[in-house]
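Take this structure first; my questions come after.
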Amino acid sequence: MSTTASPLLTVSGLSKAFGRLDAIDDVSFHVRAGEILGLIGPNGAGKTTLFECLAGVLPPSRGQLFSSAARPLTNADRASLIFYVPDGIRPYPDEPLGWVLNFALGFFRGDPERTSRLTHALGLTPLLRQRMGALSKGQAKRALLAFGLLTAQPILMIDEPFEGLDLRQTREAAATLREFADGGRTLFLSIHQIADAARVCDRLVLLSGGRVRGEGTAAELIARSGATDLEGAFLALT
């Protein structure tokens with residue numbers, strides 16, 4: 001992915017207050033077409049609040065989203081542009097996984113040719129008859145990744161895509177996400193582990209105290225901070 005690709009989404013001055021608390025404050029950055037963009041920051045930085053505002057789950061207090069045509073996004077625009085996969089949910093817990101994935105295809109107008117490739121790549125084929133509610137944490141996470149990747153919106157936002165996965169599963173999931181990004185899907189991932197973010201993401205947005213402290217490639221952030229690695233840059237900038 002070229003780091004000079006045009007912005008698919010521009011976030012400008014986005015803020016969300018809960019009473020006197022500014023959970024996110026004047027947040028601005030770009031999401032570029034075909035990239036894997038990582039959102040990283042310490043606990044309580046406002047990452048989930050930011051994702052929920054971008055997805056329309058929460059109304060922002062201030063700020064605006066703009067499309068690639070530099071026009072403000074309407075709610076209809078957002079629904080057709082962004083699909084959001086929160087962390088820790090179990091959609092349709094009484095239904096088998098196969099039914100849930102077929103629902104994602106039908107309701108969100110996904111590509112049915114992706115299904116067998118995804119279920120194999122994410123190790124889900126033996127689980128298709130199991131109820132969503134009976135899956136382990138790691139199995140449910142992989143199911144959510146498949147659900148999101150089966151949707152058709154150009155931008156897929158995933159909160160903690162590797163939570164609950166072991167090392168092998170994390171690498172398999174990362175390879176699957178990269179395959180879809182290389183195929184043109186834009187991914188915006190909130191990632192807790194710095195090493196995972198460095199390995200998977202083309203660019204990063206550093207969030208701390210509800211504000212953006214840096215945006216760029218790992219190399220750019222390291223150079224800006226004067227650190228020797230991404231962990232050092234993270235500590236210096238946040």
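Just to check I understand the Karplus step: with θ = phi - 60° and J = 6.51 cos²θ - 1.76 cosθ + 1.60, what whole-Hz values come out for the stretch 78-91, glycine and proline as x?
After applying 6.51 cos²θ - 1.76 cosθ + 1.60, I find 5, 5, 8, 9, 10, 10, 10, 10, x, 8, x, 9, 10, x Hz.
Which residues' amide hydrogens lie under 5 Å from the amide hydrogen of residue 33, considering only partners 5 or more residues apart or on another chain, with H built in the peptide plane?
Hits under the 5 Å cutoff: 6, 8.
Could you work out which residue, out of 78, 117, 142, moves most in a Gaussian network model of the chain, that is, has the largest mean-square fluctuation with Cα springs under 10 Å?
117
Restricting to bridges with both residues inside the chain, how much of the DSSP beta-bridge set is antiparallel, in percent to the nearest 5?
Numbers: 20 of 37 bridges.
Around 55 percent of the beta bridges assigned by DSSP in the chain are antiparallel ones.
Also, I was wondering about something else. Just grab the label-to-label distance for residue 136 and residue 43, each label 7 Å out from Cα along the Cβ direction, in nm (one decimal).
Between residue 136 and residue 43, the simple spin-label model gives 2.4 nm.
Also, quick follow-up: What residue among 163, 113, 95 has the largest mean-square fluctuation in a Gaussian network model of the chain, using Cα springs under 10 Å?
Of the options given, 113 has the highest mean-square fluctuation.
Follow-up question, since we're still on this one. Taking amide hydrogens as modeled 1.01 Å from N in the peptide plane, which residues meet the under 5 Å criterion relative to residue 85, leaving out close sequence neighbours?
Counting only residues 5 or more places away or on other chains, the set is 157, 158, 159.
Against the longest alpha carbon principal axis of the chain, how many degrees, from 0 to 90 and to the nearest 10, is the axis of helix 167-182 turned?
80 degrees
Ordered by packing density, taken as the mean number of other Cβ atoms within 10 Å over each peptide's residues, highest first, how do 86-94, 225-233, 169-177 rank?
Working: 86-94: 13.9, 225-233: 15.9, 169-177: 18.4.
Final packing ranking: 169-177, 225-233, 86-94.
Right, another one. ³J(HN,Hα) across the stretch 36-47 via Karplus (A = 6.51, B = -1.76, C = 1.60, θ = phi - 60°), whole Hz, x for Gly/Pro?
Each residue's phi maps through the Karplus curve to give 9, 9, x, 10, 10, x, x, 4, x, 6, x, 4 Hz.
Here's something else I'd like to know. Can you give me the Kirkwood hydrodynamic radius for the chain, using every pair of distinct Cα atoms, in Å to one decimal? Walk me through the numbers on the way to the answer.
Values: mean 1/r = 0.0549 Å⁻¹.
Kirkwood radius, the chain: 18.2 Å.
Where is the GNM fluctuation largest for the chain (alpha-carbon springs, 10 angstrom cutoff): 159, 202, 77?
77
Taking amide H atoms as placed 1.01 Å from N in the peptide plane, list the residues 5 or more away in sequence, or in a different chain, whose amide H sits under 5 Å from that of residue 58.
Those lying under 5 Å, H to H, from residue 58 are 53.
What residues of the stretch 4-45 lie in the reach of a label at residue 57, counting those whose backbone N is under 18 Å from a point 7 Å from the Cα along Cα→Cβ?
Taking a point 7 Å out along Cα→Cβ of residue 57, the residues of the stretch 4-45 whose backbone N falls under 18 Å are 15-18, 23-25, 38-45.
Counting only C-alpha contacts under 8 Å and six or more residues apart, can you give the relative contact order of the chain as a whole percent? Show your work: numbers first, answer last.
On the way: 460 pairs, mean separation 63.3, N = 238.
Dividing the mean separation by the residue count of the chain yields 27 percent.
When the Karplus curve 6.51 cos²θ - 1.76 cosθ + 1.60 is applied with θ = phi - 60°, which whole-Hz ³J(HN,Hα) does each residue of the stretch 137-142 get, with x for Gly and Pro?
Karplus-based 3J(HN,Hα) across the stretch 137-142 equals 4, x, 5, 5, 5, 5 Hz.
What is the spin-label model distance, in nm, from residue 71 to residue 21 if the labels are put 7 Å beyond Cα along the C-beta direction?
Going by the 7 Å Cα→Cβ label model, 3.8 nm.
Something else about it: For the ranges 49-57, 118-126, what's the packing order if you count other beta-carbon atoms within 10 Å of each residue, average per peptide, and put the highest first? Spell out each step's value before the answer.
Details: 49-57: 20.4, 118-126: 16.9.
Highest to lowest by the protection proxy: 49-57, 118-126.
Only helical DSSP H runs with n ≥ 4 go in: add -39500 (n - 2.57) per run for the chain, normalise by residue count and round the 222 nm mean residue ellipticity to 500 deg cm²/dmol. All intermediate terms of the calculation are to be shown ahead of the outcome.
Numbers: 9 runs with 87 residues, N = 238.
Result for the chain: -10500 deg cm²/dmol, rounded to the nearest 500.
Work out the FRET efficiency for residue 224 and residue 64 from their Cβ-Cβ distance, taking R0 = 25 Å, and round it to the nearest 0.05.
With R0 = 25 Å, the Cβ-Cβ based efficiency is 0.40.
Another one. Which whole-angstrom value gives the distance between the alpha carbon centres of the stretch 51-80 and the stretch 176-238?
So the two Cα centres are separated by 22 Å.
Values quoted throughout were computed directly from the atomic coordinates according to the rules given, and no laboratory measurement underlies them. Fair warning: this is a prediction, and the values are worked out from it, not measured in the lab. Positions of Cβ are backbone-derived with ideal geometry, glycine not excepted, and every protein chain shown enters the neighbour counts.
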